[in-house]
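Each remark here refers to the structure printed beneath this line.
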Amino acid sequence: MPDDLWLSAHAEPYDPRPAIAAWRAGQAGDVAHELWDKLYHQGTVNSASYAAVSEIVAMMQGQVEPDWNAYSLLASIEDGRLAEGNPPVPVDLKQHYEQAWATVFPIALRDLEEAKDDLVDRGALAVIAHAKGQHTLAAIALCTEDEQVEMLGR
């Protein structure tokens, strides 16, 4: 699929690479909202979401400090991929998508070991769980503590 035909979660043409490049350059706060809105909107994902996964993982490889937004966005995109009604990963993105998930696994393990932030912990756990095929566990990991308590009835 040509780059200019990637579609956002709103089914509009969208190329996530400029926003991810800005994120990589240290402008995370400026672009996080845009990426969340365009790549994962109320459970909806699309081809731009899948295209962004390998770009986000490449960015994560060079980060000194883990970014909870990166982990949570990756896990949310995977949640969306698995949800009914969203399109599958396009054939021309499938290999990059799968490779990104294989690449992010050891990064998440490393960051989980060293993280001191609840949001990083939960995001990294969700990514590890998705990478291991434990999708329900991944969804639970992304929940806040209050949501987890409510689910467990405690």
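Some points to look at:
- Yes/no for ASP118 being at pLDDT below 95 and open to solvent by 30 Å² or more (accessible area, probe 1.4 Å): yes
- Residue in region 125-134 that is under 26 Å from HIS10 (Cα atoms), outside any helix (DSSP H, G or I), without any contact (Cβ under 8 Å) to a residue 12 or more places away in the chain and open to solvent by 40 Å² or more (accessible area, probe 1.4 Å) present: no
- Meets criteria (among the charged types (D, E, K, R), in contact with a helix residue (DSSP H, G or I) (Cβ under 6 Å, 6 or more places away or on another chain) and open to solvent by 10 Å² or more (accessible area, probe 1.4 Å)) for ARG81: no
- Options GLU34, GLU78, GLU84; residue that is in contact (Cβ under 8 Å) with a residue 24 or more places away in the chain and within 27 Å of THR144 (Cα to Cα): GLU78
- Given (1) of a type outside the set (Phe, Trp, Tyr); (2) open to solvent by 60 Å² or more (accessible area, probe 1.4 Å); (3) in a helix (DSSP H, G or I), number of the condition ILE56 does not satisfy: (2)
- Taken over region 28-49, the residue count meeting the criterion of being of a type in the set (Val, Ile, Thr) and under 10 Å from the mean Cα position of the chain (by Cα) is 0.
- Of ALA52, ALA102, ALA70, ALA108, all but one fail to be modelled with pLDDT of 95 or more, within 14 Å of the chain's Cα centre (by Cα) and within 21 Å of GLU12 (Cα to Cα); the exception is ALA52.
- Looking only at region 59-78, and only at residues there that are in a loop (DSSP other than H, G, I, E, B) and not acidic (Asp, Glu), the one that is surrounded by the fewest Cβ atoms within 10 Å (Cβ to Cβ): VAL64
- Pick from region 6-48, criterion touching a strand residue (DSSP E or B) at 6+ places or on another chain (Cβ under 9 Å) and part of a helix (DSSP H, G or I), ranking: surrounded by the fewest Cβ atoms within 10 Å (Cβ to Cβ): SER47
- Checklist (1) free of Cβ contacts under 8 Å to residues at least 24 places away in the same chain; (2) on the phi < 0 side of the Ramachandran plot applied to GLY26, failing item: (2)
- Filter result for ASP92 (more than 19 Å from ALA141 (Cα to Cα) and either under 16 Å from the mean Cα position of the chain (by Cα) or crowded, with 17+ Cβ neighbours inside 10 Å (or both)): no
The values are calculated or read from the model by the stated rules, or taken from the named source; none is laboratory data. Computed from a predicted structure; not experimentally measured. Ideal geometry is used to build each Cβ from the backbone, glycine not excepted, and the neighbour counts take in all protein chains shown. Side chains included, ligands, DNA and RNA excluded: accessible areas come from the protein's heavy atoms. Shrake-Rupley method; radii C 1.70, N 1.55, O 1.52, S 1.80 Å.
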